[in-house]
Structures are given as C-alpha cells and as structure tokens.
1. Inspect the stretch 153-167 for any residue being part of a helix (DSSP H, G or I) and under 22 Å from the mean Cα position of the chain (by Cα) and give the result as yes or no.
2. Quick one: would you say residue 379 is surrounded by 22 or more Cβ atoms within 10 Å (Cβ to Cβ) and touching a helix residue (DSSP H, G or I) at 6+ places or on another chain (Cβ under 7 Å)?
3. Being in contact (Cβ under 8 Å) with a residue 60 or more places away in the chain, touching a Gly at 6+ places or on another chain (Cβ under 7 Å) and within 13 Å of residue 287 (Cβ to Cβ) is the filter here, so list the residues in the stretch 31-54 that pass it.
4. Consider residue 183 carefully, then state whether it is at pLDDT 85 or above and of a type in the set (Asp, Glu).
5. Scan the stretch 122-130 and tell me whether some residue there is open to solvent by 40 Å² or more (accessible area, probe 1.4 Å), acidic (Asp, Glu) and either within 24 Å of residue 188 (Cα to Cα) or not assigned by the TED database to the domain that holds residue 71 (or both).
6. Just checking, which of 238, 195 is in contact with a helix residue (DSSP H, G or I) (Cβ under 8 Å, 6 or more places away or on another chain) and aromatic (Phe, Trp, Tyr)?
7. For residue 546, work out the one condition from (1) open to solvent by 60 Å² or more (accessible area, probe 1.4 Å); (2) at pLDDT 85 or above; (3) within 16 Å of the ligand (Cβ to nearest atom) it doesn't fulfil.
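The values are calculated or read from the model by the stated rules, or taken from the named source; none is laboratory data. For clarity, every value in this text was computed on a predicted model and none was experimentally measured. Positions of Cβ are generated from backbone atoms using ideal geometry, with glycine treated the same way; all protein chains shown enter the neighbour counts. The area values use the complete protein model at the heavy-atom level, side chains included, leaving out ligands, DNA and RNA. Shrake-Rupley method; radii C 1.70, N 1.55, O 1.52, S 1.80 Å.
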Amino acid sequence: MAEAAKVDVAGGLAGAPQGALPQAGAALLWLPQAACIAWAVQALAAGGGLRSALPPALGLGVLGLLRAALEAWGVRRASVQARRTLGLLRAQAAQALAARSPLDRARPASGLAASVLAEQAEAIVPWLARFQPVRLRLMLVPPAIALAVGSLSWAAAAILLVAAPLIPLFMALVGRRAQAASEAQLARQGDMNAFLLDRLRGLATLRALDAIDPTAARLRAAAQELQRRTMAVLRIAFLSSAVLELFAALGVAMVAVYVGFHLLGHLPFGTWGRPLGLGQGLFILLLAPAFFEPLRDLSAVWHDRAEGEAARRALAGLGEGGQPMAGAAHDADAAGADGMPPAGALGIQLRGLRFAHEGEAPVIDGLDLDLRPGEHLALLGASGGGKSTLLALLAGLAVPQAGQVRVGGLPMDGAHPPALRQRIGWMGQRPHVFGGALAANVGLGRSGADAAQVERALAFAGLGRLAADRPAASLGEGGAGLSGGEAVRLALARLAVHADAGLLLVDEPTAHLDAETARAVTEALLDLARGRTLVLATHDPRLAARMDRVLHLGDAALKAAA
Ligand SMILES: Nc1ncnc2c1ncn2[C@@H]1O[C@H](COP(=O)(O)OP(=O)(O)OP(=O)(O)O)[C@@H](O)[C@H]1O
C-alpha cells in the first residue's frame, strides 16, 4: 500500500475526529435551551400569561431543531470516518501480513488472523465514532456549564466541581483493568478461532484416526475459558457504570438540595450578593444533569475504548516481528524505470549465500552460482537439503543472512523484489487450491490473465476438458474435487498464464505422480520453459537429466556450484 494511505490512529486521535465538533456544539446548545425554559417559567410565575412565554418557547423549539440537526450530522460524519479508518487499518494489516515470509513459522495462524481482521477489528469503529466525540464533549461541556452555573452561584458550581473529578479518577483506575481484560478476552477469542479453523480443516483426518473426542474436549475447554474472560470484561463494564451513576446522581441531588433550600431561604449563601430567583434556580437545576452527561456518556463508551485499543494492537501485531519477504516495504512500481528487470529470460547470480531458519543451523552456507538467461538448472539432494529454501530465496520470499541474490542483473533487495517477482513464475510443492471455479484458480485475478489466456493455459496443462465439464463453483476448499495429478496440472496452468515470466521456479513437479502423468507434466514444463530460465527442485534423476545443469544441495556439496 502507498505510504500516503497509512493511517496513524493514535496520531489521528490527538486532534478531534471529524464529527466530534458538531456533536460537542449540539451538547452546548443545551445552555441556551435551559435558559429559554427558565425564562418561560419565570415569566409564567410572574403572571405574564402564555403570551410572555411565547418568545422563549419559540427559541427553545428553534434551538432544539438546530441541536438535532447538528447531532445527526456529527454522528454521521464520525461513523463514516471511523469506517474509512477501519478499512485502511485492515488493508494495512493485511498488507503487513502478506509481507511476512511464507517460511516464517511465527506467522499468525489463519484462524487468528481472520478473527482479528474480520471480527475483532470491528471494535475500532465504536472507539473512533463514539469514544472520541465523547472525549471532546467532556472537555468542552462541563467547563462551560460550570462557568454558567458559577456566574449565578459559586456554591452550586463548587458542588459540581467537587463531584466531577471523582468520576474520571475512578474511571482511570477501572480503565487499566478493563483494557487488560479486553486484551485477554480478544486473545482467547483469536486462539479459539485459530484452533477451530485448523481442526475443521483436518476434520477428515481426525475422524479417520478416531480423535474427534479429545478435540471436542479441547474446544469445550477453550469455549469455557472465553466465556470466563467475557464475563470478566462485562463485570468491569458494569462496575464502572455503576460507580459513575452513583457519583452523578449524588452530584445532581446535592445541587437540587442546595437550590431548593436556597429558594426557601434556608441556605442564604453561595451567590454573588443577590439571592437566586426562581428562573435562575431552575436554570441551575436544568444544567446540573447536563454537567454530568458527558461523564455518563464516557462511562458508556469506556468499554469501547478498551476494546478498540486492544483491537488496534491486535491488528498491528499481525505484521509485527518474524521474517519479512525481500522488499516487503516497497511497491511493485517503486523500483522505477531504470530498476526494471530486462525483458526475456532472466539470469541468476548468487554470491556467498547463507540462510538459516530461525534458531537452526544454516541450510545454505556460502553458495555461489551463475546461471545464464535461458539456462535450465535442476536442484538435487536429499530431503531437507535446502532445495525449497533456495527456491524461496531466489523468489525473494525470504531474506538471506549473508550474501546476495541477483536476478536479471538486479539485487533481490531494496526496492527491486516486487518488480522482480512480477517476472518470476512460481510453482510450489503444495500448490494451494481455492474453493471455486477452475478458471478463477488459474487467473487468480491477476492483471494480464484474461479469460482467453486462462482458457489457453488450461488447455495447455491438459485441463481444458475438466474446466468445460465442471460447473462454475466446482472446486472445494483446499482442492477437494481434484486429483493429485490434476492439482499439479492446475499449478502448471498458473505458470502458463504468466506470459511475462522470465524465470520459472518449480518445486518437485512430478512428485507422487504416476509415470504417465509425470511424463506429460515434464514435457509441458519443458515446453513452457523454452526461452526462459528454469530452476527446478526434484528427486527424479530422469527429470534432472533433461536440464542443462545440476546442482547438488546437501552438507558437502553446497559450495560446489555446477
Ligand atoms: N519454515 C521453516 N522454518 C524452519 N525450518 C524450516 C522451514 N522450512 C524448512 N525448514 C527446514 O529447513 C531444511 C530444508 O528444508 P527444505 O524444504 O528447503 O528442504 P528440501 O530440500 O526442499 O526437502 P524436500 O526434498 O523434502 O522437499 C529442513 O531441515 C527443514 O526442516
């Protein structure tokens, strides 16, 4: 994603979010509204009749309409902005997740990532759309009311000012626990989703091995733990609102007692010289609950804040740490025109390449290799010798600890990898098949893979008839509905549709295939690789013999490039 599109929620929150100001303005309009009510009552009590109450009643109505309009506009703007921010945050998180190396074992489990991106991230919307406007209201409305009340009676203002700070103080104390509880609950939820998705994928295996009951027991335990955590979060939410209601009610009651007794002449102090009249007393009484209103709103959204911040951290955590892919921070067009790989077949140079998986001994150590454009190389070696790892390094899917990979004369680091990857065709050892149509599985929505090209690629890979026979959504998740050989052909079709590929990286294309299918796949692959550079990992000596060169990967042979 372009840097410009990055959102900094924390930074964004420092200023008032859009929509917060109109909402705060709407709340402030209660001051003139309360004055209108007090004026009307005072006029009626003074015997002025209904006519005398008409101007303030009219003012009250106009202000009410204005207030409703401002409120509606502010809420709408805040919601729209919060949704937009969530969309950007989700895109950033998905981007950061995609930038992690496929070899990274610490990558979040799919179920966890799905839970965070789809479900937990939703908590950011109420946080932005409700909590932030309430925060601004809290900064503006109580001080304005305290000033208005204080201009008439310092005693009433003092009662409000003494009661008010107790609330944020207590909320801050509760808030810490609320956030920790929310984070723990979201983490449990993510863990349970990850576990569930993993086990659902392996349901057939679990059933075949009679391991359903232990899995169900673990799931039950996870669900109970989640329930416990959710109840803890709710307890804190109820506690915080109960405390707030108590203080707010006490504050309003004390102001009412003071004003009532003052009007009766029993508490003749607390004003600026003259005692309060009926209208003034009523004005203060009407403002007292409004003074506490933003604080009560704060309590209602306090939980939103805890959940929202926990969700933001969970989203950010998806992309944190672990192994990145080469050039993960750059866009495909970042290399610029002079940094683009040449057209046609791409040569390869490796110099002093070393790579070790985290916490393990190097799989590849000090490897040098020069492959001319259009040359075909077989990687041979024992299982675990590093063939797939080397292919991943050539594609920039992992970053070597030392040495350099150059493809088409460009280093596989800095801004080049995205542009280089666009020119690399990849056929992995276990191609992932998405649920849906065969053609969609070949095109994968890539630009330059139109319907006609996909059809040609399917025909090339020997899947033309199958594609024609099957209805649109014919493949199940993970390739259900395809034989092993057909799945390999599908991967071949994905390679074939990539017309600009100047380098093909292929991992054990004929493993587990019968002799006839293996022969057909080999011929198709060699046909496809004509005029392109090909690096192919295999255990099949016959396939290796069809290549121009062979590189043995293994303990002793690493440095001996062919
Ligand atoms: N993501 C990973 N994290 C940690 N270690 C890994 C990872 N992937 C592979 N390895 C280890 O690195 C070594 C090389 O693995 P690699 O897959 O490159 O071997 P290979 O030659 O392709 O094997 P095979 O012929 O069985 O496919 C193995 O010991 C393997 O256990």
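1. no
2. Yes; evaluated as a whole, the condition is true for this residue.
3. Once the filter is applied, which keeps residues that are in contact (Cβ under 8 Å) with a residue 60 or more places away in the chain, touching a Gly at 6+ places or on another chain (Cβ under 7 Å) and within 13 Å of residue 287 (Cβ to Cβ), the stretch 31-54 yields only 38.
4. Spelling it out, it is not the case that residue 183 is at pLDDT 85 or above and of a type in the set (Asp, Glu).
5. Yes, the conditions are met somewhere in the stretch 122-130.
6. The conditions single out 195.
7. Just one mismatch for residue 546, condition (3).
The rows are residues; the columns are (1) on the phi < 0 side of the Ramachandran plot; (2) outside any helix (DSSP H, G or I); (3) crowded, with 19+ Cβ neighbours inside 10 Å.
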residue	(1), (2), (3)
351	yes, yes, no
360	yes, yes, no
373	yes, yes, no
384	no, yes, no
391	yes, no, yes
400	yes, yes, yes
405	yes, yes, yes
